[in-house]
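Student: The structure is given below, and queries will be raised subsequently.
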Amino acid sequence: MPQQYTVHQRIFFDAAHTLRREIEAEGSRRIHGHTYHAEVSLTGPLDPATGMVQDLGYLRQRLAVLRERLDHHLLDEVPGLGIPTLENLCRFIAEALSDMQPPPSRVRVWRDALGDGCTLDLS
């Protein structure tokens with residue numbers, strides 16, 4: 001079995017959202033913002049011609065387009081995102097990049113200031 005390598009690329013974006021929650025309800029229902037960080041991982045064997053799993057330049061290009069859809073936007077209004085939770089951000093990013101070869105094996109979204117995050121394992 002060929003060795004599997006995992007490569008990663010990160011982005012960050014600033015965005016606002018609202019949430020309907022049982023706890024911390026008042027602050028969550030008001031429009032508020034966070035700095036989000038996202039990391040996408042691709043796992044696969046090395047391509048013998050390039051020596052890479054995937055040229056990270058391609059992933060950077062795709063993430064730049066995705067960042068434009070999220071950065072300085074109200075996440076409640078981003079088509080296809082749904083309820084703007086960390087879990088749905090992971091799913092949204094994974095789906096947006098699902099046509100890559102190899103497709104994402106892991107998507108992680110977190111907010112450093114609050115110390116919270118979510119990881120979606122796809123492999």
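The values are calculated or read from the model by the stated rules, or taken from the named source; none is laboratory data. Just so we're clear, the structure is a prediction, and the values are computed from it rather than from any experiment. Cβ atoms come from the backbone with ideal geometry, glycine included; neighbour counts cover every protein chain shown. Protein only, heavy atoms only, side chains kept; ligands, DNA and RNA dropped before computing areas. Shrake-Rupley method; radii C 1.70, N 1.55, O 1.52, S 1.80 Å.
Student: In the chain, which longest range has no GluC sites (Glu not before Pro) that are both DSSP loop (not H, G, I, E or B) and surrounded by at most 14 other Cβ atoms within 10 Å?
Tutor: With a cap of 14 other Cβ atoms within 10 Å, the longest stretch comes to 25-123.
Student: For the chain, take the longest principal axis of its alpha carbons; what is the angle in degrees between that and the long axis of helix 86-96, to the nearest 10 within 0 to 90?
Tutor: 40 degrees
Student: Right, here's the next one. What accessible surface, in Å², does a 1.4 Å probe find on D47, ignoring ligands, DNA and RNA and rounding to the nearest 10?
Tutor: 70 Å²
Student: Of the DSSP beta bridges with both residues in the chain, give the percent that are antiparallel, rounding to the nearest 5.
Tutor: That works out to approximately 95 percent antiparallel.
Student: Post the alpha-carbon centroid distance, the range 86-103 to the range 5-79, in whole angstrom.
Tutor: Their Cα centres are 9 Å away from one another.
Student: For semi-axes √(5λ) of the Cα gyration tensor in Å, the listed values are [x] 31, 14, 11; [y] 27, 23, 14; [z] 20, 18, 14; which was obtained by calculation from the structure presented?
Tutor: [x]
Student: So if I place +1 on the C-beta of Lys and Arg and -1 on the C-beta of Asp and Glu, and nothing else carries charge, what would the dipole magnitude of the chain be about its Cα centre? I want it in debye, nearest 20.
Tutor: Details: 13 positive and 17 negative charges, 7 e Å.
Value, rounded to 20: 40 debye.
Student: So if a site counts as exposed when it's one of the trypsin sites (Lys or Arg not before Pro), its DSSP state isn't H, G, I, E or B, and it has at most 14 other Cβ atoms within 10 Å, what's the longest stretch of the chain without one?
Tutor: Values: sites that count: R20, R21, R30.
That would be 31-123.
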